[in-house]
Amino acid sequence: MATAVSAEEMRPLGSSEDVVVVRQVVRALAVKLGFSLVDQTKMVTAASELARNTVDYGGGGTVRLQTITDGKRIGLRLTFEDKGPGIEDLALALKDGYTSGGGLGLGLGGAKRLSNEFEIVSRPGEGTRVSIARWR
Amino acid sequence: MTKVASRLPDILKRHDAAILKEWVNEQLSVSRPEAMKESALREHAQRFFGLFRDAVQSGELGDVSGPAWAAVREMLGELSQSCTTLGYTPTETATFVLSLKQPLFTRLRQEVGRDAEALADETWAVTGLLDQLGLYTTEVFLKGREDLIRRQQQDMMELSTPVVQLWDNVLALPLIGTLDSARTQIVMENLLHKIVETGAAIAIIDITGVPTVDTLVAQHLLKTVAAARLMGADCIISGIRPQIAQTIVHLGVELANVVTKATLADAFQIALQKTGASIGKATAR
Amino acid sequence: MDRIPILRMSEFLLVTIQVDMHDRLAMALQEDLTDQIVRHRSHGVLIDISTLEVVDSFIGRMIGNIAGMSRILDAETVVVGMRPAVAITLVELGLSLPGVRTALDVDKGMQLLRTSLHGTSNGAS
Ligand SMILES: Nc1ncnc2c1ncn2[C@@H]1O[C@H](COP(=O)(O)OP(=O)(O)OP(=O)(O)O)[C@@H](O)[C@H]1O
Ligand SMILES: [Mg+2]
């Protein structure tokens, strides 16, 4: 069955303080949806990684938080979007250890491992959109 | 359509006490859920009826999923949930709602009886409405059951894999039976919590009783060892039979950073040495 | 700007991270800590993260950096009190904090530091 969205909200991501807020909002949502403590923590951590990328590399953007359902299960989907420089080589960016900004290069790969669904679309010069979902 | 036509809101308003009484009496005489006490039934019926009457006043009779019916849904949800825990059948819960049909039909017949077409319409609307609510109780009921089963399953899994304290600072987790990915995850989480609870420095994961280990399970084992290290405890894996050792090597799972021992006894000895060594030094000066 | 307090506990420094840190706060902590190690000639740093509900790669990197810088200044770092859910998540993230020592709580962390500095776990204070 197709995935349906049952609730949705948007948050700005312009600064490091916004990243903190997004962590808290994601935590509250995950608690509300009945995620286990470990699953909450995984989702909040993934959100933190992607939110920071949006701020640091994407020059800021937004995150859309959606409560989703496929008829049987309930889940949480987060979509990070920016109109920054985009990523030239996606495969490289996804590789653990690759960083262009002095990080550990674990954010993208880690977010992928911490979620059940992962999607990234990026066009050089246009921006980046990363979407993750986790089911309860 | 029903919004303009129905006289139900008016009827409910004028005869509410009488209808409630008839409904309760009917339930007490016929279809009372076995376990539901009379006092409880009266209380539920009164609450439900009040909310139902108010929701009907909104005129929204065709669809109970809207905001006008939120309070009714919530009450039914609670009722179904409590029924799940008390062991009522879904039929009993649904019957509670559906039995309201009879007194309402009676009233409708008295009020609009002369106009056959109107009576048919009204009856149809009431039936549709109560069926929706009845169905809703069943849905909530089933969901409640599912949750209950899942919880019991989880409890059972935790019970079937007890973490034991072998010594001061030393825990052991003897794993027995087939490990699937879900069970391993729960067991491992359990172990990490026990480490925090007991302040153990070393945990021995003994897999002597595990017939086979697949990649996923092996990976969970290793992740647990890594997580325990981050928390400040060391793990030893014992009881790796030759067959499993082969699989692990074949799977290419990296065991290099993990302490492994052939038997639980060997592992225990190492554990005592490790914890004993620091204790020994501390007391001996 | 707020800062994360650094406590002196006998010969060691203790940092208790309690807030959901934003990046500047984390950077400030690194600076303060290196200052204090030098000023007090400390040989051990305990970072208590028992109240932290999330550790992401940024905080992970900061902890790694603190450990690295401390080592250069001849001090050892012990991270204490990581919660199970956080540990499980960090492993999945791919962060294993190599070269950082860990302990279940502050007491055990102190013991660990004493043992490794003096070869005994109840060293003189
Ligand atoms: N939104 C984005 N816009 C442009 N480039 C991005 C974006 N997100 C990631 N990148 C690029 O992908 C690389 C890898 O990202 P990743 O999050 O995996 O690591 P990092 O941010 O460099 O380090 P870490 O997240 O471990 O601190 C980044 O260094 C950056 O070059
Ligand atoms: Mg990143």
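The table below lists the values:
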item	result
Odd one out for B:L61 among (1) assigned to a loop (DSSP other than H, G, I, E, B); (2) open to solvent by 60 Å² or more (accessible area, probe 1.4 Å)	(2)
Residue within the range A:124-132 that is crowded, with 24+ Cβ neighbours inside 10 Å and within 12 Å of ligand 2 (Cβ to nearest atom) present	yes
Condition check for B:T178: surrounded by fewer than 17 Cβ atoms within 10 Å (Cβ to Cβ), in the same structural domain as B:L251 (by TED's automatic domain parsing) and assigned to a loop (DSSP other than H, G, I, E, B)	yes
Test: residue in the range A:57-75 that is within 16 Å of ligand 2 (Cβ to nearest atom), out of contact with any Asp or Glu (no Cβ under 7 Å at 6 or more places or on another chain) and within 28 Å of C:N65 (Cα to Cα)	yes
Given (1) more than 8 Å from ligand 1 (Cβ to nearest atom); (2) touching a helix residue (DSSP H, G or I) at 6+ places or on another chain (Cβ under 7 Å), index of the condition A:I87 fails	(1)
Wholly within the range A:1-82, strands (runs of 3 or more DSSP E) carrying at least 1 residues that are open to solvent by 40 Å² or more (accessible area, probe 1.4 Å) and touching a helix residue (DSSP H, G or I) at 6+ places or on another chain (Cβ under 7 Å)	A:4-13
Filtered residues of the range A:11-35 (kept if free of Cβ contacts under 8 Å to residues at least 12 places away in the same chain and at the interface with another protein chain (Cβ under 10 Å from one of its Cβ atoms))	A:E17, A:V20, A:V21, A:Q24
Every pair of residues 6+ apart whose Cβ atoms lie under 7 Å, when the first sits in the range C:82-109 and is assigned to a strand (DSSP E or B) while the second is surrounded by fewer than 20 Cβ atoms within 10 Å (Cβ to Cβ)	C:R101/C:E76
Flag if B:I244 is in contact (Cβ under 8 Å) with a residue 40 or more places away in the chain and open to solvent by less than 60 Å² (accessible area, probe 1.4 Å)	no
All positions within the range A:76-96 that are within 14 Å of ligand 2 (Cβ to nearest atom) and among the acidic types (D, E)	A:D82, A:D96
Test for B:R150: is it modelled with pLDDT under 85, out of contact with any strand residue (DSSP E or B) (no Cβ under 8 Å at 6 or more places or on another chain) and surrounded by 13 or more Cβ atoms within 10 Å (Cβ to Cβ)	no
Subset of the range C:43-58 (residues that are closer than 16 Å to C:A28 by Cβ and either basic (K, R) or open to solvent by 10 Å² or more (accessible area, probe 1.4 Å) (or both))	C:F58
The range C:24-42: number of residues that are open to solvent by 30 Å² or more (accessible area, probe 1.4 Å) and within 16 Å of ligand 1 (Cβ to nearest atom)	2
Boolean, B:F141 is farther than 25 Å from B:S6 by Cβ and in a helix (DSSP H, G or I)	yes
Test result for C:A85, more than 8 Å from every other protein chain (Cβ to nearest Cβ) and closer than 30 Å to A:E17 by Cβ	no
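Residues are listed down the side, and each one gets a yes or a no for (1) without any contact (Cβ under 8 Å) to a residue 60 or more places away in the chain; (2) open to solvent by 10 Å² or more (accessible area, probe 1.4 Å); (3) within 14 Å of chain C (Cβ to nearest Cβ):
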position	(1), (2), (3)
A:E88	yes, yes, no
A:K95	yes, yes, yes
A:G103	yes, yes, yes
A:G109	yes, no, yes
A:N116	yes, yes, yes
A:E119	yes, yes, no
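The values are calculated or read from the model by the stated rules, or taken from the named source; none is laboratory data. As the structure is a prediction and not an experimental result, all values here were calculated from the model. Quick reminder, even Gly has a Cβ in these numbers, built from the backbone with ideal geometry, and neighbours come from all protein chains shown. What goes into the accessible areas is simple: the full protein's heavy atoms, side chains included, and nothing from ligands, DNA or RNA. Shrake-Rupley method; radii C 1.70, N 1.55, O 1.52, S 1.80 Å.
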